[in-house]
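Read through the structure below, which is laid out as C-alpha cells, and then see the notes.
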Amino acid sequence: MTDKTTSVRDKIARLRASFLEQLPQRIAEARALLVRLQVNADDRAAAVDLHRFLHSIKGTGRSFGLKELGAAAAEGEDIVARLLDGPGDEWPASWPELLAVCLDGVARALAEMQAGEAIAEAELPGFVLPAHTVGGDGSDVRRRLVYLCDDEVAQVEQLGVQLSCFGFDTVTFTDTESLHQAILERMPDAAVMDINFPHGHSAGTEVLARLKQELGKPVPAVFLSARDDFDARLQAVQAGGEAYFLKPAQALELVAALDDLTQKKVQEPYRILVVDDEAEMASYHSLILQGAGMITYQATEAEKVLGLLQEFRPDMVLMDMYMPACTGRDLAKVIRQVPEYVGLPIVYLSSETDKKKQFSAMRVGAEGFLTKPVVPDELVAAVAIRAERMRALRSLMARDSLTGLFNHTTTTQLLENAIANARRKDGVMSFAMIDIDRFKSVNDTYGHPVGDQVILALARVLQQRLRNSDVVGRYGGEEFAVILNDVAAAPAARVMEQLREDFSRVVFHGGDTEFSCSISIGVASYPQHKRMELLREAADKALYEAKRSGRNRVIVD
C-alpha cells in the first residue's frame, strides 16, 4: 500500500471516529422524534426528520464499513418511508414498536463497537486510492528538442529555423548514422527525417527499427518524403512514424504534428462541489476525489450553494438527496433556475435505492444517480466523465473556432480576473495587444485561406512561446491579446520583442510565392493602470502608436 493511500485511509478513519462520536446525541434526537410520532401520527415534519436521520445513518454507516449500524438504520428507514408514502390504513399496526426496535439496533451496534475493538477493526469498504488521476500544473514552457535529418542541407536548415520560431530546439543531421549515434546519446522529443537517403546510407525506416531494438522503446518520429505512393507511406507506418509529409513540408503543418507528438496535454484539475449535510460524508467523498487529483469544495448548507457556484465555479455538483430545509431535488431545481447553470452537471450521491424516487429526482435535469456506499474508482470515473463533458461545452463557448484561443468575451473576463488577482496580492501584471501588419493586403493578394494560415501561425507562436500561466486570446480579426500574470512592463516588453522577431521569420506560401509578415504590439501594465478599462485603453493606445510610427515594433505605455 502506498504512503498516499495510507494517509487517505487515516483521514477517513478519523472522519468515521467523528461520525461515531456524534451518534449518541443524534440517536437521542431520533427517539424524541419517535415520541412525537407516537403522540401524533400525522406529524409529517417529525416523520421527514426521522426518515432523513435513518437514511443518513444507513448511507454513512455503510460507507464507513459499519455494516450492522447501516443494516439497523435501513430497516427503520423502510418503515418511515411507508408512513410517508402510504395512507394510514396501510401502515404496519406495530410501527411504533418496530421503529423503536430499529433505533435500539442502531444504539446497540454503536455500543458494541465502543465496548470492543470493532471500530478499529471495521474495514473501510474496498478502499484503494483511485488510479484514475486528472489534472496537473505545468506553468512554465519547456523547449522541446527535435532532431532533423535530411541529405538536402539547405532545406533541413531552413526547416530548423522555422521550427525554432515556434519554440523548438533543433539539431540537424545530413546522414542517418550521425542521427543514430545522437539518439543513443540523448533521446529527442521527436525526430523528423526523410525515408530515403543516397546510396550507402541506411534508410530512415531502418534506423528507427534498429533504435527501437537497442533502446527497448520507439523513437517518436515524423517522416518527410518526395514519394506519395502507398508503399512509402506503409513503410513509414510500419517503422513507427506518427506523421508523413510531402516535401517541401509546410512549417505550420509540421508544427501541428510535432505538437501532438511531443506536448503532454496539461489539464486543469476538475473542480467539484460536494453538497451533503453530513460533514463526514462530504469529507469522505471529497478525499476520494482529491486523491484522483481533483479540487473539491464542501457545502453542508443548501442555502449557501448558489453563492458557492458563483465563487468556486465547479465543473460538476455532487449532492445528497435528503438534507434539512430542502431535498436534493428541490436544490437542483433552484440551481436550474439560474440560466448560467442550466447545463451544469448534477449527480446525486445517496443511499436511496427506490428507482421511482431516483428517476423523479433526475427529472429536474440531473446527470446521474450514484448509490452509497460507492466504490471509489466508480465515483472518480463517473465524476470525471461528466466534468470533462462540461469542460468541452464551456470550451466551445469560450474559444475562437479558428485558432482555439480564448475569444474576445472570455479574454476580457480573464483580464478582469487577472487585475483583481494582482490587486489582492499587491503584485503586477501586463496586458499586450497585438495586430498583424498589413493583413488586408495578405488577404487581397493571396486569398483568405492563406490569411487564415497567417492567423493560425501567430496563434501557435504565442501559445508555444508563452507560459501556461499566461492567457492568449484572439480579440477579433487579426488582433490578439496576451495577459502576462506577475510580469511588469519592462520584462513584458522583452518577451513581446522576442515574439515579434520570431514571427517575422516564419515563411508563408501563397501559391508559388514565399512571404513573411510582421506584427505591431502595444503593452500596458498594472498597477500603472488600475482599472480594466484604463489598462485596455492604454494597451490599445500603445498599439496605435506602434502602427503610426512604422509598424513591426513594440511600444510600452
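Within segment 400-413, how many residues turn out to be surrounded by fewer than 17 Cβ atoms within 10 Å (Cβ to Cβ) and part of a helix (DSSP H, G or I)?
Of the residues in that region, 4 qualify.
Among the residues in segment 443-466, are any among the acidic types (Asp, Glu) and buried (at least 16 other Cβ atoms within 10 Å of the Cβ)?
Among the residues of segment 443-466, not one is among the acidic types (Asp, Glu) and buried (at least 16 other Cβ atoms within 10 Å of the Cβ), which makes the answer no.
Output yes when any residue across segment 363-372 is among the polar types (S, T, N, Q), over 30 Å from LYS530 (Cβ atoms) and in contact with a Lys or Arg (Cβ under 6 Å, 6 or more places away or on another chain), and no when none is.
For segment 363-372, residues among the polar types (S, T, N, Q), over 30 Å from LYS530 (Cβ atoms) and in contact with a Lys or Arg (Cβ under 6 Å, 6 or more places away or on another chain): absent.
Take VAL523 and decide whether it is assigned to a helix (DSSP H, G or I) and of a type in the set (Val, Ile, Thr).
In short, no.
Considering segment 476-513 alone, what residues qualify as being of a type in the set (Lys, Arg) and either crowded, with 17+ Cβ neighbours inside 10 Å or in contact with a helix residue (DSSP H, G or I) (Cβ under 9 Å, 6 or more places away or on another chain) (or both)?
Within segment 476-513, ARG500, ARG505 qualify.
Does segment 320-337 contain at least one residue that is farther than 22 Å from GLY70 by Cβ, modelled with pLDDT of 80 or more and under 20 Å from the mean Cα position of the chain (by Cα)?
no
Of all the residues that make up segment 282-319, how many are surrounded by fewer than 23 Cβ atoms within 10 Å (Cβ to Cβ), at pLDDT 90 or above and of a type in the set (Val, Ile, Thr)?
Total satisfying the criteria: 3.
What are the pairs, 6+ residues apart or on separate chains, where a residue within segment 189-204 that is modelled with pLDDT under 70 has its Cβ under 8 Å from a residue that is in a loop (DSSP other than H, G, I, E, B)?
Partner pairs satisfying both residue conditions: PRO198/ASP151; HIS201/ASP151; HIS201/ASP175.
If I filter segment 375-382 for residues that are part of a loop (DSSP other than H, G, I, E, B), not polar (S, T, N, Q) and not assigned by TED's automatic domain parsing to the domain that holds ALA256, do I get at least one hit?
yes
Scan segment 464-478 residue by residue and report those that are closer than 26 Å to LEU258 by Cα, touching a residue at least 40 places away in the same chain (Cβ under 8 Å) and under 28 Å from the mean Cα position of the chain (by Cα).
GLN464, ARG465, LEU466, ARG467, ASN468, SER469, VAL471, VAL472, GLY473, ARG474
Looking only at helices (runs of 4 or more DSSP H) that lie completely in segment 177-281, which have at least 2 residues being surrounded by fewer than 17 Cβ atoms within 10 Å (Cβ to Cβ) and among the acidic types (Asp, Glu)?
Filter on segment 177-281 gives 204-215, 251-262.
The values are calculated or read from the model by the stated rules, or taken from the named source; none is laboratory data. This one's a predicted model, so the numbers in the text were calculated from it and none came from an experiment. So basically every Cβ, Gly included, is an ideal-geometry build from the backbone, and we count neighbours across all protein chains shown.
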